[in-house]
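Every number here is computed from the coordinates shown, using simple stated rules; none is lab data. Since the structure is predicted, the reported quantities are computational estimates derived from the model, not experimental observations. We place every Cβ from the backbone using ideal geometry, glycine too, and count neighbours over all the protein chains shown.
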Amino acid sequence: MPELYNKEGLKARFDNWEKQLNGEKSSDFHSFRKESFDSYLKVGTPSRKNEEYKYTGLDKVIEKNFTEDDWNRSVEISDQAVKDRIIQDLDAYSIFFINGILNKELSHWDELSKEINLMTVKEAFEANEKDCIENFGKHATPESDPFTAINDSLTNEGIYINIKKGQILSKPVMIYYLNYTEEGGVITHPHNLFVFGENSQGEVIEKFDTIGENHSLSNIVSEIVVNRSAVVKYYKIQSEHNGNVHVGNTQVWQDERSNFTSTTLSFGGMMVRNNLNITLDASHCEANMYGLSLLKDNHHVDHHTTVDHRKPHADSNELYKGVFDDKSTGVFNGKIFVRQDAQKTNAFQSNRNVLLSEDATINTKPQLEIWADDVKCSHGATTGQIDPEQLFYLRSRGMDKQSARALLLYAFAMDIVEHIGNEQVRNYLENLISERLHKNF
Amino acid sequence: MLKIEDLKASIEGKEILKGINLEVKAGEVHAIMGPNGSGKSTLASVLAGRDEYEVTSGSVSYNGEDLLDMDPEERAREGVFLAFQYPVEIPGVSTTNFLKTSINQIREHRGQDPLDAVSFLSRVKEKMKLVEMDQSLLSRALNEGFSGGEKKRNEVFQMAMLEPKLKILDETDSGLDIDALRIVANGVNKLRNEDNATIVVTHYQRLLEYIVPDYVHVLYNGRIVKSGTKDLALELEEKGYDWIKAEAAV
């Protein structure tokens, strides 16, 4: 039976869409989509029978909550809705995607274009941009993940950013994805590519918000190429919304002596899946991955991370923390591969969780596969409650129970937030987290 | 100030306090001594409101109010302070950070305006000197990596900051070298006045050389079996606890 997001449903959609494409049908970009779709058809949309999606049954959630009309939702949005979702004090180059469609007018498109090479992905393909063609879909391949394959097949929007050799971005690139669902559900498939040239530096922030009563589905891919000696900081901020279904694939490729730090902050969603995959394809590079989930109600957030150590003398370091209240569910799966060549690897991973209610759940699974023999690797996972001794101590100093609880959880969360180098982003998150904890989040 | 009558308390069904009677008046210092396992720390914990202990009978009246009916934070706001035997470590929370919230919640309870950052810091500076404490400790995570002496000094520092009426020191001397002991005791003595009272729980007489009590009570097997003046402490130091045990057995 053809459904919305399975092989049959997507085949009908893809074929129908192709008919309307006219000239674009023969473009290189579309050839990529077509090949990706063929690849998708071999595997289909994963159900919970797929080990990788065991705890996160996106297929059912998508079928239940979305309709055909959600594919082409209008991109009207109120100014206030935009204003409410931006980080006020942040001095950055803003880029806006409204319901999955790039909005150049709202964005600092011209300003950013003056500083770096900025295009839409389609424009870059048409202009035959070498770095784009060589990298787009080459890291987030259709084979890497079924949802990536769907994104690769259906994506029609996305930006290509190229920071040239030696360049230091003067401001962070701040990408807002606003899904405005007042008039109905929204389905989006943006796919971006960021290429950081040799010895360049910069920050990229992605922030996701769903606004309105209805559901939104974001199947998004971001590919980040970190060339030799480049230093990149990447943040992903997901706000709470119980109608938000999010599948994000962030694919990072690192060259020699590069340094990449990712911080993922998830404040909720009906079902959120974050895949963060980092390939350390050369020596002397470093990858840091931090993550924080702060969940309540029935929210579900699943973090799957992979670090692939392919060459010797590289370091990876990972810390994910979670606080789960009510009936919320968290998943953490951290894979570390150390290939035979990757001697002298240092790879550390830690996952720490606090469950605030009897009905909250965390499924945590470290997965280490090590073929090299001279490496230092460690992993650990803990799950507990708020320490009653700590709570009593603070109360015995006159602090009410709720403030004491909020203070302890805040300290737990700050372990992640303190790694954020950008002061405005850090302040924004500190305030957000503090406010939420004091509201019994 | 404090009147304990026939207080019985148990933990996990095991009775630890088996009928305590004690009256403490403003301006007094009482020492509670006794061998290990006699119930000294349980008494301190019950007074501070630790909820693992179940009070099975008796009453505790504090300034005319039912102390046992109050939450730990209410007790603190009414002026009860427990200096912990084992102060907990709280990663990510500094002493100054939580004390500011504490003090202002206490002040709100007492109908006072909150302290602004400047007055708070000047009070911190003043009270730090009392226990010869280094300011850097106060901005570090609470008790994390502190030595035993630093933890106990931090307890007395907090006591000074919160200006309690009833101070309970639970084995504050345990694990302290003589210099640290002197500093801590000196801090406690400076906080003594006519309006507040102190209960010093200790196993050894040594602390009482520095904090001189008005009364000494010996707790054994969940009951106060002997009360006296500071001379009783000296006697205990000399003879040990065995004679108390023998006397109690009769």
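One Cα centroid belongs to segment B:62-138, the other to segment A:383-441; the line between them spans 18 Å. Build a GNM of chain A with springs between Cα atoms under 10 Å apart, and of A:D341, A:D84, A:D302 the one that fluctuates most is A:D84.
So what is the diffusion coefficient of segment A:200-286 in µm² per second by Stokes-Einstein at 4 °C and 1.567 mPa s, using a Kirkwood Rh over Cα pairs?
D = 94 µm²/s.
Distance distribution note for segment A:162-211: the fraction of Cα pairs above 15 angstrom is 57%. Membrane-span-like helices of chain A, defined as complete DSSP H segments with a Cα extent of 15 Å or more along the helix axis and a mean Kyte hydropathy of at least 0.5, are identified as A:401-417. Over all Cα atoms in chain B, the spread is summed up by Rg and Dmax: 18.0, 61 Å.
Each listed q (0.18 Å⁻¹) maps to a log10 I(q)/I(0) for segment B:6-155 from the Debye sum over equal C-alpha point scatterers, namely -1.24.
If each DSSP helix of 4+ residues adds -39,500 (n - 2.57) and the sum is divided by the residues in chain A, what number results at 222 nm, nearest 500 deg cm²/dmol?
That calculation yields -7500 deg cm²/dmol at 222 nm.
Treating segment A:325-417 as a set of equal point scatterers at the Cα positions, no solvent, please give the Debye-formula log₁₀ I(q)/I(0) at q = 0.18, 0.21 Å⁻¹. Ignoring solvent entirely, the Cα scatterers give -0.88, -1.03.
For Cα pairs less than 8 Å apart in space and 6+ apart in sequence, what is the mean separation divided by the residue count of chain B, i.e. the relative contact order in percent? Kindly include the intermediate steps, with their values, before the conclusion.
Values: 447 pairs, mean separation 70.3, N = 250.
After rounding, I find 28 percent.
Shape analysis of segment A:127-176 based on the Cα gyration tensor places the equivalent ellipsoid semi-axes at 24, 14, 11 Å, largest first.
Rounded to the nearest 500, what is the 222 nm mean residue ellipticity of chain B from helices alone, with -39500 (n - 2.57) per DSSP H run of 4+ residues and division by all residues? Can you show the working numbers first?
Values: 10 runs with 100 residues, N = 250.
Rounded to the nearest 500, it is -11500 deg cm²/dmol.
Taking Cβ atoms as reference points and 11 Å as the exclusive limit, the residues near A:E240 contribute a net charge of 0, counting Lys and Arg as +1 and Asp and Glu as -1.
The Cβ shell under 15 Å around B:Y204 holds other residues with a net charge of -2, Lys and Arg each +1, Asp and Glu each -1. The Stokes-Einstein estimate for segment A:282-441, based on a Kirkwood radius over Cα pairs and taken at 10 °C with 1.306 mPa s viscosity, is a diffusion coefficient of 93 µm²/s. Here the Gaussian network model covers chain B, with springs between Cα atoms less than 10 Å apart; of B:G175, B:G92, B:G19, B:G92 fluctuates the most.
Neighbours of B:P35 by Cβ distance under 10 Å: Lys/Arg scored +1, Asp/Glu scored -1, total +1. Rg/Rh, computed from the Cα trace of segment B:61-122 with Rh as the Kirkwood radius, has the value 1.02.
Using alpha-carbon positions, what is the distance between the centroids of segment A:201-257 and segment A:67-123, in Å? After rounding, the separation between the Cα centres reads 14 Å.
One way to sum up the overall shape of segment B:157-242 is the equivalent ellipsoid from its Cα gyration tensor, whose semi-axes run 23, 15, 11 Å, largest first. Extents of segment A:181-337, taken as max minus min of Cα coordinates on every principal axis and listed largest first, are 48, 29, 20 Å.
Give me the Debye-computed log₁₀ of I(q)/I(0) at q = 0.26 Å⁻¹ for segment A:53-128, equal point scatterers on Cα only, no solvent, two decimals. The Debye formula, applied to the Cα set alone, gives -1.21.
So what is the relative contact order for chain A, in percent, with contacts set as C-alpha pairs under 8 Å and at least six apart?
Values: 1095 pairs, mean separation 40.7, N = 441.
Computed over chain A, the figure is 9 percent.
In plain terms, the C-alpha convex hull of segment A:1-51 casts an average shadow of 4.1 nm² when viewed from every direction. Rg then Dmax, both in Å and based on the Cα atoms of the protein assembly as shown: 31.5, 107.
GNM on chain A, alpha-carbon springs under 10 angstrom: the most fluctuating residue among A:M119, A:M399, A:M270 is A:M399.
Taking loop as defined by DSSP and a crowding limit of 16 other beta carbons within 10 Å, which GluC sites (Glu not before Pro) in segment B:78-154 fit?
Working: sites: B:E78, B:E89, B:E108, B:E126, B:E132, B:E144, B:E150; in loops: B:E78, B:E89, B:E132, B:E144.
Here the GluC sites (Glu not before Pro) that fit, given the DSSP loop and packing criteria, are B:E132, B:E144.
When Rg and Dmax are taken over the Cα atoms of segment B:71-201, they come to 13.9, 41 Å.
Within the P(r) computed for segment A:96-202, what percentage of the Cα pairs occupies the region above 15 Å? Counting every Cα pair in segment A:96-202, those more than 15 Å apart make up 67 percent.
Applying a DSSP loop filter and a limit of 16 other Cβ atoms within 10 Å to the chymotrypsin sites (Phe, Trp or Tyr not before Pro) in segment B:149-217 leaves B:Y204.
Report the rotationally averaged projected area of segment A:12-158 based on its alpha-carbon convex hull, in square nanometres. If you can, show how the numbers build up before the last one.
Details: hull surface 45.7 nm².
If I average the Cα hull's projected area over directions, I get 11.4 nm².
In whole percent, what relative contact order does segment B:83-217 give with Cα contacts below 8 Å and a gap of six or more residues? Intermediate values should be presented prior to the final figure.
Working: 150 pairs, mean separation 40.5, N = 135.
After rounding, I find 30 percent.
The convex hull built on the alpha-carbon positions of segment A:372-441 has an orientation-averaged projected area of 7.4 nm². For segment B:68-174, trypsin sites (Lys or Arg not before Pro) are listed when DSSP marks them as loop and at most 14 other Cβ atoms sit within 10 Å of their Cβ; the list is B:R110.
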